[in-house]
């Protein structure tokens, strides 16, 4: 299994019809804080973080790391997409040893309902399939998060199982570049 860190990072910006997926920049700091402080965004991820804590914790230039994309609309951050390795100790795996690539996304509420998440996530998955061919990608979201489960299905994730984690029922799915997505 290839490591996400083995992929050249950051890749060249990924351009879609309306968006750019790129590495974090200093101009993204305020939007990163807004994203994590948003009560709407925090609903299904353990609640919003306190703004004063975020002001202290988020560096002047949000940390660049392999697997983190900023979703940019007209020069402003509207969300993030992440690809990380799923910890083997957590429930939900498609490989006996775990460590699958785990896909995540968060968007500012003002970007919801415009198709930006579907557009950006599809582009990130296409990039991932080219960078690490045949590597399965997993996604975990609360079953109560209707928007997220609908997006996962739209992106071609197939439900594998449901389980209890973080005090809520979780939807766990897998995506593969060798499986047709709809």
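Looking only at residues in region 129-147 that are assigned to a helix (DSSP H, G or I) and touching a helix residue (DSSP H, G or I) at 6+ places or on another chain (Cβ under 9 Å), the one that is surrounded by the most Cβ atoms within 10 Å (Cβ to Cβ) is 131. Condition check: surrounded by 18 or more Cβ atoms within 10 Å (Cβ to Cβ) and over 21 Å from residue 141 (Cβ atoms). Does residue 49 satisfy that? Here the answer is no, as residue 49 does not meet what is asked.
Residue selection: residue 88 fails the criterion of being surrounded by fewer than 20 Cβ atoms within 10 Å (Cβ to Cβ) and within 17 Å of residue 28 (Cα to Cα). Can we say residue 98 is touching a helix residue (DSSP H, G or I) at 6+ places or on another chain (Cβ under 9 Å), surrounded by 13 or more Cβ atoms within 10 Å (Cβ to Cβ), free of Cβ contacts under 8 Å to residues at least 40 places away in the same chain and at positive phi? Against the criterion (touching a helix residue (DSSP H, G or I) at 6+ places or on another chain (Cβ under 9 Å), surrounded by 13 or more Cβ atoms within 10 Å (Cβ to Cβ), free of Cβ contacts under 8 Å to residues at least 40 places away in the same chain and at positive phi), residue 98 does not qualify. Total residues in region 45-69 satisfying the condition of being in contact with a helix residue (DSSP H, G or I) (Cβ under 7 Å, 6 or more places away or on another chain) and in contact (Cβ under 8 Å) with a residue 24 or more places away in the chain: the figure is 7. Within region 76-101, the residues that satisfy the criterion of being under 12 Å from the mean Cα position of the chain (by Cα) and under 22 Å from residue 48 (Cβ atoms) are 79, 80, 81, 82, 84. Scanning region 161-180 for residues that are surrounded by 16 or more Cβ atoms within 10 Å (Cβ to Cβ) and touching a strand residue (DSSP E or B) at 6+ places or on another chain (Cβ under 7 Å) gives 170, 171, 172, 173, 174, 175.
Looking across 72, 28, one residue alone is farther than 25 Å from residue 140 by Cα, surrounded by 18 or more Cβ atoms within 10 Å (Cβ to Cβ) and touching a residue at least 40 places away in the same chain (Cβ under 8 Å). It is 28.
Contact map, region 103-121: residues that are on the phi > 0 side of the Ramachandran plot and without any contact (Cβ under 8 Å) to a residue 12 or more places away in the chain paired with residues that are exposed (fewer than 15 other Cβ atoms within 10 Å of the Cβ) and assigned to a helix (DSSP H, G or I), Cβ distance under 6 Å, separation 6+ or inter-chain. No pairs are found.
Given the structure, is residue 153 out of contact with any helix residue (DSSP H, G or I) (no Cβ under 8 Å at 6 or more places or on another chain), crowded, with 16+ Cβ neighbours inside 10 Å and not in a strand (DSSP E or B)? No, not satisfied.
Where a number appears in this text, it was derived from the coordinates with a stated rule and is not lab data. Since the structure is predicted, the reported quantities are computational estimates derived from the model, not experimental observations. Cβ sites come from the backbone with ideal geometry, for glycine too, and all protein chains shown count toward neighbours.
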